[in-house]
């Protein structure tokens, strides 16, 4: 029995690793067709991500919001939902953080900074929870509703930033008023990496502990495996689903608030950078395991940081790393067909329950 557990753990690592390796091979073919050397591109990807202290800090800074937006996908997924609206929660979280000083006088200290972050998290929680409510009480597909809510959130963000909340001093690039110095988040000791990294790591660990060690976390997994069976044993499925969506949305909203308080200092178009969409890939590569999210976020954040190096050395567009991300997403989805087959494993009981629940919903 222990050997079977080790084989299951090995499979959980091997499948996404093989998928990423396949994506890198296909990216090498793309680079070759562009007239550059695949070997040099692969080398530059890792050098640009982890080659020196500056690259590593840049990768860590990019990984911080990806951890939080990945949780916005992973937590609802544990409840059986495919929610992809993290980008909308992120931009509204950024907007709430930037708009709070308009509505309330805030102390320019750690308390005021915490209130700014909480405003972003609360906005993100309410926004993504709406997708869960629509799914459980109205039967609206959560993937479609969360995606449409994301587009709506971006439209609201642009309207408010370019209209009622616009700072008159922002001429070329519409922005809200910059946060006061005391409301901003500083950097970790002796580095250029902001405290958002600590928030991301802490919440990934906390989410993993909650799902693994608590009764409510186990109940959430059961509800995600088979909602009908969960109801038969008396679990509050609707409440668990909305809770998972709200917690995931809070993480994405917090990521937006951190982007304002630590990076941009105001809400503007720079916040809409696709971090919520990259978080979907991070969550799927990590197989919705909160403890696996940080290293995956660091790897993909590092690849994003290496885009400028590919542009300088090989003449490839900076956005070429988006091709790599797209290939990785397709390969990860395709590699899931290998689950339970690499070592001839039987699916765990909870996975079988999830498959039964999915077939029941499809019927």
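One table, with the values for the structure above:
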{"item": "Residue match in segment 62-76 (condition: touching a helix residue (DSSP H, G or I) at 6+ places or on another chain (Cβ under 8 Å), more than 25 Å from residue 185 (Cβ to Cβ) and either buried (at least 17 other Cβ atoms within 10 Å of the Cβ) or in contact (Cβ under 8 Å) with a residue 12 or more places away in the chain (or both))", "result": "yes"}
{"item": "Residue match in segment 197-212 (condition: without any contact (Cβ under 8 Å) to a residue 40 or more places away in the chain, surrounded by fewer than 21 Cβ atoms within 10 Å (Cβ to Cβ) and more than 28 Å from residue 116 (Cα to Cα))", "result": "yes"}
{"item": "Selected residue [under 25 Å from residue 280 (Cα atoms) and buried (at least 19 other Cβ atoms within 10 Å of the Cβ)] from 140, 91", "result": "91"}
{"item": "Identity of the residue in segment 228-253, touching a residue at least 60 places away in the same chain (Cβ under 8 Å) and more than 17 Å from residue 83 (Cα to Cα), that ends up surrounded by the fewest Cβ atoms within 10 Å (Cβ to Cβ)", "result": "228"}
{"item": "Residues of segment 273-291 satisfying the condition of being surrounded by fewer than 24 Cβ atoms within 10 Å (Cβ to Cβ) and either free of Cβ contacts under 8 Å to residues at least 40 places away in the same chain or part of a loop (DSSP other than H, G, I, E, B) (or both)", "result": "273, 274, 287, 288, 289"}
{"item": "Selection within segment 224-250 - at pLDDT below 95 and either touching a strand residue (DSSP E or B) at 6+ places or on another chain (Cβ under 7 Å) or under 13 Å from residue 77 (Cβ atoms) (or both)", "result": "224, 225"}
{"item": "Boolean, residue 297 is in a helix (DSSP H, G or I), over 30 Å from residue 34 (Cα atoms), in contact with a helix residue (DSSP H, G or I) (Cβ under 6 Å, 6 or more places away or on another chain) and in contact (Cβ under 8 Å) with a residue 24 or more places away in the chain", "result": "no"}
{"item": "Matching residues in segment 41-53 - criterion: being free of Cβ contacts under 8 Å to residues at least 24 places away in the same chain and either in a helix (DSSP H, G or I) or touching a helix residue (DSSP H, G or I) at 6+ places or on another chain (Cβ under 7 Å) (or both)", "result": "42, 43, 53"}
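The values are calculated or read from the model by the stated rules, or taken from the named source; none is laboratory data. Here the structure is a predicted model, which is why all the values come from computation and not from measurement. Cβ: placed from backbone, ideal geometry, glycine included. Neighbour counts: every protein chain shown.
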